[in-house]
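A quick write-up on the structure given underneath.
The values are calculated or read from the model by the stated rules, or taken from the named source; none is laboratory data. Quick caveat: nothing in here was measured; it's all calculated off a predicted structure. No Cβ is skipped: glycine too gets one built from the backbone with ideal geometry, and neighbour counts run over all protein chains shown. All accessible areas refer to the heavy atoms of the entire protein, side chains included, with ligands and DNA or RNA removed. Shrake-Rupley method; radii C 1.70, N 1.55, O 1.52, S 1.80 Å.
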Amino acid sequence: MAESRPFRVIVVGGGVGGLAASHALQKADIDHIVLEKGEIAPARGASIGIYPHGSRILQQFGCLEEVENECNPLGKSLNLLPDGRVIANSNFFGLCREYHGYPIPVLERRRFLEILYEKLPDKSRVRAGVGVVDITDSDDNVKAVLADGTIEEGDLLIGSDGVHSLIRSLMWRNANAAIPGLITTTEKKSLFTDWSALIGFSPTLPSMSNCNVSVTHYPGRSFLVLGQKKYTFWFVFFRNSERLYWPHSPRWTQADAEKRAVECLECPISNTHVFGELWKQRVRAELVNVEEGLFKHMFFGRVVLSGDAVHKMTPNIGLGGNSSMESIVVLTNLLHRAIKDYEARGTKPKKAAIEALLYQYQAERTLRMRQIIDFSALATKVQAWENLGYKIMSRVMPLLPENTFALKTSKLIKAAPKLDFVATPLDTKATIPWEDSSFSVIVPTKPYQESTLFSSRKNCLSVIFVLLLFSFLLL
């Protein structure tokens, strides 16, 4: 029976990862269905930022133009002290675009999901209001049992259902039933929460920037404010009193959100505005947990996890949505090659072949996501002055060459995957090549050279001197 139909993928979750999966799988001509228990593009969350590597994927999907039309190009990146004084004013976003030739759009998360859905070639592949309650995994197929008792059958199931993933829990259950002790309590506790965040957005005030991004540092707290065409998006991060581990996940109410907001109303978020001005005009706001973690087992049998279900990072840098799309791209590339190879033989990949390609997926994503999660965590700690060392770091970084942080970020961007069976135009405006590209490097307007804290003995001694000086001044 399974051989009589083409290879089929079941995707659980209709968020960024699920909709990206439908785009990628349709490009690969792979049969699939996306199951979302709620509605598509719900009125939740605040913004989503897309870096050049995410924009390159959106270009392959045919969505980039619509996404970019929603936004103003990002302007300056500002860092402020608690009294509103600016200590850094950099062209980080402009440098990223110069290096890679793609924009960094920031827009409302719900609108982003709407565009992903609207631009799907075949929307019938996505079903909303369909909850999955169980999965069965066998040598021949994988089945998703739906809340209404019906069953969806496929050859692979992708769990893209978020940080509180039901598919992850069901995969763990099946794994430990088949191989007792495979998924340990230590692995389950890989997901932890050190931070909570008040997130939301407000109409962009006439007196505020509609393109700049600002971070205001406080001890154990930070503000991230992103100005845009219609809305100003904001995030207030709070260091929790203790670390919480999965499955402990506090439920926050609107009363909790308002209580947190009251603590911040008088806090400067620029040299002319305080947070209370944004809060008063808020369109939507909520208090959420900020989980972090990377699970060792990204798959078992015919079930594989993607996005926040398997790799979760703090949002201060804004790499979460990009990483979700990346995981889908890597999976789709592997599936596309395998299915084409087996089709030439008149058959389709068996379970052993599927597991082999999932091992490749797991190895690639584990290495890359560890780097991205650690990079995001560092930014969160520096922005919120988690301790004296991070506070010193926040004061030293503005003294470094302006392109230091952009070049550091560029290392992650240029190594990102794309669909390897969909053409992308060669952007001659890019000054740093993608690692999967063969075109020549264009001479930058500014010399492209590695800029690191410890690139020379002279720099090293200078940094040590500055650190000691700031340590003395800040104690």
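Out of everything in segment 130-177 that is among the hydroxyl-bearing types (Ser, Thr, Tyr) and outside any loop (DSSP other than H, G, I, E, B), what residue ends up being most open to solvent (accessible area, probe 1.4 Å)? So the residue we want is THR136.
From the set of residues in segment 271-310 that are of a type in the set (D, E, K, R), in a strand (DSSP E or B) and open to solvent by less than 40 Å² (accessible area, probe 1.4 Å), which is farthest from TYR359 (Cα to Cα)? So, considering only residues that are of a type in the set (D, E, K, R), in a strand (DSSP E or B) and open to solvent by less than 40 Å² (accessible area, probe 1.4 Å), the one farthest from TYR359 (Cα to Cα) is GLU286.
I need the full set of residues from segment 104-129 which are closer than 16 Å to ARG8 by Cβ and either at pLDDT below 95 or open to solvent by less than 20 Å² (accessible area, probe 1.4 Å) (or both), in order please.
Within segment 104-129, VAL126 is the sole residue that qualifies.
Kindly establish whether PHE237 is over 30 Å from SER90 (Cα atoms) and in contact (Cβ under 8 Å) with a residue 60 or more places away in the chain. The answer is no for PHE237.
Condition check ((1) over 18 Å from the mean Cα position of the chain (by Cα); (2) over 15 Å from LYS381 (Cβ atoms); (3) not in a strand (DSSP E or B)) across all residues:
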| residue | (1), (2), (3) |
| --- | --- |
| ILE199 | no, yes, no |
| SER214 | yes, yes, no |
| LEU224 | no, no, no |
| LYS229 | yes, yes, yes |
| PHE238 | yes, no, no |
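Of all the listed residues (GLU39, GLU68), the sole one being more than 30 Å from THR216 (Cβ to Cβ), open to solvent by 30 Å² or more (accessible area, probe 1.4 Å) and modelled with pLDDT of 95 or more is GLU39. Inspection of segment 196-211 identifies at least one residue that is touching a Ser or Thr at 6+ places or on another chain (Cβ under 6 Å) and either open to solvent by less than 10 Å² (accessible area, probe 1.4 Å) or farther than 30 Å from CYS71 by Cβ (or both).
Name the single residue, out of those in segment 369-427 being among the acidic types (Asp, Glu) and in contact (Cβ under 8 Å) with a residue 24 or more places away in the chain, that is surrounded by the fewest Cβ atoms within 10 Å (Cβ to Cβ).
ASP420
Among the criteria (1) touching a strand residue (DSSP E or B) at 6+ places or on another chain (Cβ under 9 Å); (2) at pLDDT below 95, the one ILE183 does not fulfil is (2). Looking at the structure I just gave you, is LEU58 touching a Pro at 6+ places or on another chain (Cβ under 9 Å) and among the hydrophobic types (A, V, I, L, M, F, W, C)? Considered against the rule, which asks whether it is touching a Pro at 6+ places or on another chain (Cβ under 9 Å) and among the hydrophobic types (A, V, I, L, M, F, W, C), LEU58 comes out as yes. Scan segment 213-221 and give yes if some residue there is without any contact (Cβ under 8 Å) to a residue 60 or more places away in the chain and in contact with a Leu (Cβ under 9 Å, 6 or more places away or on another chain), otherwise no. No: segment 213-221 contains no residue that is without any contact (Cβ under 8 Å) to a residue 60 or more places away in the chain and in contact with a Leu (Cβ under 9 Å, 6 or more places away or on another chain). Residues satisfying the criterion are present in segment 259-270 (criterion: surrounded by 20 or more Cβ atoms within 10 Å (Cβ to Cβ) and not in a loop (DSSP other than H, G, I, E, B)).
Answer yes if at least one residue in segment 243-253 is free of Cβ contacts under 8 Å to residues at least 60 places away in the same chain, open to solvent by 30 Å² or more (accessible area, probe 1.4 Å) and part of a strand (DSSP E or B), and no otherwise. Yes, some residue in segment 243-253 is free of Cβ contacts under 8 Å to residues at least 60 places away in the same chain, open to solvent by 30 Å² or more (accessible area, probe 1.4 Å) and part of a strand (DSSP E or B). ALA24 fulfils the conditions (1) under 19 Å from the mean Cα position of the chain (by Cα); (2) of a type outside the set (D, E, K, R); (3) farther than 16 Å from ILE115 by Cβ; (4) buried (at least 24 other Cβ atoms within 10 Å of the Cβ) except for a single criterion, (3).
Would you check if ALA46 is within 29 Å of SER222 (Cβ to Cβ), open to solvent by less than 40 Å² (accessible area, probe 1.4 Å) and in contact with a Lys or Arg (Cβ under 8 Å, 6 or more places away or on another chain)? In short, yes.
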